[in-house]
1. Residues in segment 104-126 that are surrounded by fewer than 22 Cβ atoms within 10 Å (Cβ to Cβ) and in contact with a Gly (Cβ under 9 Å, 6 or more places away or on another chain): how many?
2. Please specify each residue of segment 45-62 satisfying the condition of being in contact (Cβ under 8 Å) with a residue 12 or more places away in the chain and more than 20 Å from Ser119 (Cα to Cα).
3. Confirm whether Glu145 is acidic (Asp, Glu) and either at positive phi or touching a Phe, Trp or Tyr at 6+ places or on another chain (Cβ under 8 Å) (or both).
4. Can you tell me how many residues within segment 154-168 are assigned to a strand (DSSP E or B) and surrounded by 10 or more Cβ atoms within 10 Å (Cβ to Cβ)?
5. In segment 13-64, what residues are aromatic (Phe, Trp, Tyr) and outside any loop (DSSP other than H, G, I, E, B)?
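A short reminder: the numbers here are calculations on the coordinates, not readings from a lab. All values reported here derive from a predicted model rather than from experimental measurement. Ideal geometry is used to build each Cβ from the backbone, glycine not excepted, and the neighbour counts take in all protein chains shown.
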Amino acid sequence: MSPHPEVLPDAEAQCRQLADLIRPQLSRKPALVGIYSGGAWIAERLRELLNLPEDIGLIDVSFYRDDFAEKGLHPQVKPTVIPFDVEGRHLILVDDVLYTGRTTRAAINELFDYGRPASIELAVLADRGGRELPVAATYGAWAVELNDHQNLVLGKQEDGRLVWRMENA
């Protein structure tokens, strides 16, 4: 893992890197499912870069989080939209940052409400370590070490470009 970054990497270049890592798996006809909001943006970018004809799935894990009782309902809950049959499909779950693994677990729980996929792989732009659950990304563009008080946040500029910013927790 790279130590605390002074300069944040180009998120668009990282999306291209993820696309290159996923491209060999296209013969399995995977469907992309992006976790709101950063993962949804990345999944849409991957769909473009990989020239996939099928719409991406979008998932909001708010109701599936194991800390829902503590955190309550997030004010910007979005609807989950899965425009394809999950049963027997190879899915690639897409998120911006992998940290504790709890968001990934919540997303997998929700996906199984839609059917039993053949497989689920995980693609992330950044893996910051700090796992609390045994979750690992299949495809990752950047392994980075952050302090507990630091958060990586993926944003979308007016021109549609994805960019990283660092925030203090």
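1. Let us first name the residues in segment 104-126 that are surrounded by fewer than 22 Cβ atoms within 10 Å (Cβ to Cβ), namely 105-106, 108-110, 112-121.
Then drop every residue that is not in contact with a Gly (Cβ under 9 Å, 6 or more places away or on another chain), which leaves 114-118.
Matching residues across segment 104-126 total 5.
2. Let us first name the residues in segment 45-62 that are in contact (Cβ under 8 Å) with a residue 12 or more places away in the chain, namely 45-47, 49-50, 52, 54-62.
Hits for segment 45-62 are Arg45, Leu49, Ser62.
3. Numbers: acidic (Asp, Glu): yes; either at positive phi or touching a Phe, Trp or Tyr at 6+ places or on another chain (Cβ under 8 Å) (or both): no.
No.
4. Just the residues of segment 154-168 that are assigned to a strand (DSSP E or B), to begin with: 154-156, 162-168.
Cutting the leftovers down to surrounded by 10 or more Cβ atoms within 10 Å (Cβ to Cβ) gives us 154-156, 162-166.
Looking only at that region, the number is 8.
5. The initial filter retains those residues of segment 13-64 that are aromatic (Phe, Trp, Tyr), namely 36, 41, 63-64.
Within segment 13-64, Trp41, Phe63, Tyr64 meet the criteria.
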